[in-house]
Amino acid sequence: MHKLITAILQVNNETAMGVNIHAQESVTKYTSAVHIASRSIIDRMVRPWYMLDSVYYSLPAGKEFKAAIDMLHGFTKKVINKRKAEQQFQSSSQNIELGNKEDDFNIGEKKKKAFLDLLLEENAKTDTPLTDDEVRAQVDTFMFEGHDTTAVAITWALFLLGSNPEHQEKVHEELEEVFGNSDAPITVKDLPQLKYLDRVIKETLRLFPSVPVITRLLTEDVKLGDHTLPKGISVALPILLVHRNPKVWPDPIKFDPDRFLPENSKLRNPYAYVPFSAGPRNCIGQKFAQLEEKIVLSAILRKWRVKSVKTFDTIKYGYTIILRPQEEVFLHFTPKQ
Ligand code: HEM
C-alpha cells in the first residue's frame, strides 16, 4: 500500500502540479505526515479536552500534529517553488512548444498545462491575487485529496478482486479481449473498453468509499422527516452507511460489480451512491481519479493474478478521514505467463 501511495502521489505531482518529485525520502515523509495529520484531526474531534488551542498545542498530541502540518506545508511550498522555477526556465527556452506531440492517444506525451500552472498564471494576471499562503492552501487541498483517496481505492479494489476470484477472472477475460498478447502501454482509446473494470472500480467505492463521512455546516433549518435540524449545527453524512443501506442495495456487503450495469442502475436514486459527494462541493478530481485507477489496475492485472490473504469479514479497517485498512493488506501475486 505504501508503494501505491507513493506512486499515486508522484503521478499527481506530475499531472496536477507539473513537477517530478523523485526524492523518495521527502515523499515518504509527506505521506506519513498526511497519516499523522488525518489521525490527529479525528482524535481531536472526539476528545473535548483537546478543543482549546492553548491546551492542545502544549500536549504531545498537539505538538505532533503541528510538526506534521509544518512538514506538509513545507513540502507544498517546495512543489510550488520548483514549478515556478521550471516555468521560468520553460518560458525562456520555449520548451513547452518543443515538447508538444499532437497525438491524442498517447497519455503523457502531449504537454498540457498543469493545474498549478493555471493557478499561478491566473494569479499573476489578477488585480486581487491570492497570497502565497492561499495558493499553498489550494495546492495542499489538491495534493491531500488527490493521492491517498485514489491509492486506498486501488488497494481495496485489489483486495476485493483477490477475495472474489470469479469476478477477477472476468477482469482478466476483458483485459485479454482488449490487449491480447500486447504489452504496449494502455492508451486513451483502450480505457472506455474496460467496462467490467469500470464496474469493479464503482463497486469497490460503494463498499469502501475512500471518504466515508462528509460534514456540512447548516446555513438554514433543514426538515428531515419529523425532525428539524437547526441552522448553525454541523451534520455528518455517512457515505459508507448510505452505500450499505439494505433497502437500496440488496445483500449490501456482497461484492457484485454488475449492480452498476445500466439496466440495474437506472431506477436507483442518484444520491444512493455518492463516493465523490454531490452538489457544488463535490469532488473536482473524480474523472481523473477513475482514469488513474483504471490505468494502474489494468497495468497490474495485465501481468498478475492476485489472491487476498484476508477476507471481507476478517480485514480490519477504520476511519481517519480516509477509510483505510488498519493492517497490512497481504496479497499473493502470481505472474500470468
Ligand atoms: C477515488 C478517489 C477519490 C475520492 C473517493 C474522492 C472523494 C471526494 C469527496 C467525497 C469529496 C467531497 C468532500 C466534501 O464534500 O466535504 C472530495 C472533494 C475534493 N476532491 Fe476528491 N476524491 C478522490 C480523488 C481526488 C483527486 C484525484 C483529486 C485531485 C486531483 C481530488 C480533489 C478534490 C478536491 C480539490 C476536493 C474539494 C472540492 C471542494 O471543496 O470544492 N479528489 N473528494
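Remarks
- Look at the stretch 267-278: where a residue is within 16 Å of residue 145 (Cα to Cα) and a partner is more than 7 Å from the ligand (Cβ to nearest atom) and basic (Lys, Arg), sitting 6+ places away or on another chain with Cβ atoms under 9 Å, you get 275/202; 275/206.
- One residue stands out among those in the stretch 161-172 that are in contact with a helix residue (DSSP H, G or I) (Cβ under 8 Å, 6 or more places away or on another chain) and more than 22 Å from residue 287 (Cβ to Cβ): the one that is most open to solvent (accessible area, probe 1.4 Å), which is 170.
- Residue pairs whose Cβ atoms lie under 8 Å apart, sitting 6 or more positions apart in sequence or on different chains, and linking a residue in the stretch 34-52 that is among the polar types (S, T, N, Q) and buried (at least 16 other Cβ atoms within 10 Å of the Cβ) to a partner that is in a helix (DSSP H, G or I) and modelled with pLDDT of 90 or more, are 40/61; 40/64; 40/65; 40/68.
- Of the residues in the stretch 289-300, none is open to solvent by 90 Å² or more (accessible area, probe 1.4 Å) and at negative phi.
- From the options 159, 142, residue that is away from the ligand (no atom under 11 Å from the Cβ), aromatic (Phe, Trp, Tyr) and within 30 Å of residue 35 (Cβ to Cβ): 159
- Restricting attention to the stretch 145-156, the residues that are among the aliphatic types (A, V, I, L, M) and either farther than 19 Å from residue 282 by Cβ or more than 9 Å from the ligand (Cβ to nearest atom) (or both) add up to 2.
- Looking at the stretch 180-286, the helices (runs of 4 or more DSSP H) lying wholly inside it that each contain 1 or more residues that are more than 16 Å from the ligand (Cβ to nearest atom) and open to solvent by less than 50 Å² (accessible area, probe 1.4 Å) sit at 195-207, 262-265.
- Output for the stretch 69-87, where each listed residue is open to solvent by less than 50 Å² (accessible area, probe 1.4 Å) and more than 26 Å from residue 36 (Cβ to Cβ): 87
- Helices (runs of 4 or more DSSP H) wholly inside the stretch 35-120 that include at least 3 residues being at pLDDT below 90: 60-93, 95-99
The values are calculated or read from the model by the stated rules, or taken from the named source; none is laboratory data. Since we're looking at a predicted model, the values are computed, not measured. Note that we place each Cβ from the backbone using ideal geometry, even for glycine, and neighbour counts take in every protein chain shown. The protein model used for the area step is the full one, side chains on, heavy atoms only, and it has no ligands, DNA or RNA in it. Shrake-Rupley method; radii C 1.70, N 1.55, O 1.52, S 1.80 Å.
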